[in-house]
Amino acid sequence: MSNAQVGGRIRELREIQNYTREALSEKVEISSKFLYEIETGKKGFSADTLSRIATALSASCDYILFGEKAENCGSEKIICTLESLKPAQRYQIQHILKILYDICDYI
């Protein structure tokens, strides 16, 4: 685990969710300069900061620190995608998922 790898995962999650560096840093309550330094691997950070970043990005601390194989990190990508949707789109996706869930009872 290197600071650059950890920072890269944070940056990737931030970009998937369409957060600007400023918006995420405000949500996590750190400066955008510090977030930049984290994302570029120039600085490490505390467990408290990790927890706040993970919560803001709907990701596990394990994923941010250690990464996971593609088959194990699908839920983070799904959550990231859902959170990037507008409320009306999210409602439509929930409706579709409910229909699919109900169909599975009949299969």
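For the reader, a short list of remarks on this structure follows.
- Condition check for Ile16: within 20 Å of Ile79 (Cβ to Cβ), aliphatic (A, V, I, L, M) and either at pLDDT 95 or above or open to solvent by less than 80 Å² (accessible area, probe 1.4 Å) (or both): yes
- The listed residues are Ser32, Ser25, and the only one of them that is touching an Asp or Glu at 6+ places or on another chain (Cβ under 8 Å), on the phi < 0 side of the Ramachandran plot and of a type in the set (Gly, Ala, Ser) turns out to be Ser32.
- Test: Val6 is under 20 Å from Glu83 (Cβ atoms), open to solvent by less than 50 Å² (accessible area, probe 1.4 Å), in contact with a helix residue (DSSP H, G or I) (Cβ under 7 Å, 6 or more places away or on another chain) and touching a residue at least 24 places away in the same chain (Cβ under 8 Å): no
- The single residue among Leu35, Leu57 that is open to solvent by less than 60 Å² (accessible area, probe 1.4 Å) and without any contact (Cβ under 8 Å) to a residue 40 or more places away in the chain turns out to be Leu35.
- In segment 60-73, of all residues being farther than 13 Å from Val6 by Cα and open to solvent by 30 Å² or more (accessible area, probe 1.4 Å), the one that is modelled with the highest pLDDT corresponds to Lys69.
- When restricted to residues that are part of a helix (DSSP H, G or I) and among the small types (Gly, Ala, Ser), segment 21-57 contains 7.
The values are calculated or read from the model by the stated rules, or taken from the named source; none is laboratory data. Nothing here was measured: the structure is a model prediction, and the numbers come from that model. Note: ideal-geometry Cβ built from the backbone for every residue, glycine included; neighbour counts use all protein chains shown. The protein model used for the area step is the full one, side chains on, heavy atoms only, and it has no ligands, DNA or RNA in it. Shrake-Rupley method; radii C 1.70, N 1.55, O 1.52, S 1.80 Å.
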